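Right, one structure below, let's go through it.
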Amino acid sequence: GKIYEWDLDTDSGTETVTNGTFDADSDWTKGADWAIASGVASWSGTTANALEQTITGLTNGDVYELTFTVASAGDPSVNIDINGTTSTTDLVDQDFDGTGTFTYRFQVDDTSIDLDINPATDAEPAFDIDNVSIIKVPAAKVLTNAPVDNLSLVVTEERFLFALGAGGNPRKVQW
């Protein structure tokens, strides 16, 4: 029912996570049972505490992509929690099951966020986190002032848009 626009001039952004490859034991706040060594952050314990970092320099309203890798001999469930620092909006609260590389897209409503990586429960097997990355990505956005609740859309060869059933009225056509 909405009309979206893809901005072709939008480039992917730069890396916003500091030390996402865990080359040093720095830039992260480690909860109990977390350690950073040999290029990974490792959790091994009985209490689900967070590995945390505040990410700054984001643009309100833009879409970002989180990517991270989980390695383990077991089958852990890792919780990712992302909140705006001033808006306190819960942008992501997602459990990722198993091992491998995971990707998740989200839209921010703040210029900085708190990224928390947690074991989903106290009973998770030990696991390693590596290659944590948050990068701005191009995304389609709702076209400003375009009609909503449309039933259909027609595009002419001249690239004019016709919103059929605009505003939820089945007999209304808008350009």
Among the numbered criteria (1) more than 13 Å from the chain's Cα centre (by Cα); (2) farther than 20 Å from I36 by Cα, which one does E124 miss? (2)
Which one of the conditions (1) free of Cβ contacts under 8 Å to residues at least 40 places away in the same chain; (2) in contact with a strand residue (DSSP E or B) (Cβ under 9 Å, 6 or more places away or on another chain) does N145 fail to meet, given that it meets all the rest? (2)
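Here's the yes/no breakdown for (1) among the acidic types (D, E); (2) assigned to a loop (DSSP other than H, G, I, E, B); (3) under 18 Å from the mean Cα position of the chain (by Cα):
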{"residue": "T18", "(1), (2), (3)": "no, yes, yes"}
{"residue": "A48", "(1), (2), (3)": "no, yes, no"}
{"residue": "E52", "(1), (2), (3)": "yes, no, yes"}
{"residue": "A73", "(1), (2), (3)": "no, yes, no"}
{"residue": "I80", "(1), (2), (3)": "no, no, yes"}
{"residue": "S87", "(1), (2), (3)": "no, yes, yes"}
Would you please list the contacts, defined by Cβ atoms under 8 Å and residues six or more apart or on different chains, that run from a residue in region 154-175 that is within 19 Å of V142 (Cβ to Cβ) to a residue that is charged (D, E, K, R) and exposed (fewer than 10 other Cβ atoms within 10 Å of the Cβ)? G165/R171
With the condition kept exactly as written, say whether any residue in region 33-43 is open to solvent by 40 Å² or more (accessible area, probe 1.4 Å), in contact with a strand residue (DSSP E or B) (Cβ under 6 Å, 6 or more places away or on another chain), in contact (Cβ under 8 Å) with a residue 60 or more places away in the chain and among the β-branched types (V, I, T). no
For V142, work out the one condition from (1) within 23 Å of the chain's Cα centre (by Cα); (2) under 30 Å from T18 (Cα atoms) it doesn't fulfil. (2)
Pick out the one residue from D116, D122, D95 that is crowded, with 17+ Cβ neighbours inside 10 Å and either farther than 22 Å from F22 by Cα or of a type outside the set (A, V, I, L, M, F, W, C) (or both). D116
Residue satisfying all of: in region 57-75; hydroxyl-bearing (S, T, Y) and modelled with pLDDT under 95; least open to solvent (accessible area, probe 1.4 Å) among these: Y64
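The values are calculated or read from the model by the stated rules, or taken from the named source; none is laboratory data. Bear in mind the structure is a predicted one, so any value in this text is a computation, not a measurement. We place every Cβ from the backbone using ideal geometry, glycine too, and count neighbours over all the protein chains shown. Keep in mind that these areas ignore ligands, DNA and RNA; they rest on the heavy atoms of the full protein, side chains included. Shrake-Rupley method; radii C 1.70, N 1.55, O 1.52, S 1.80 Å.
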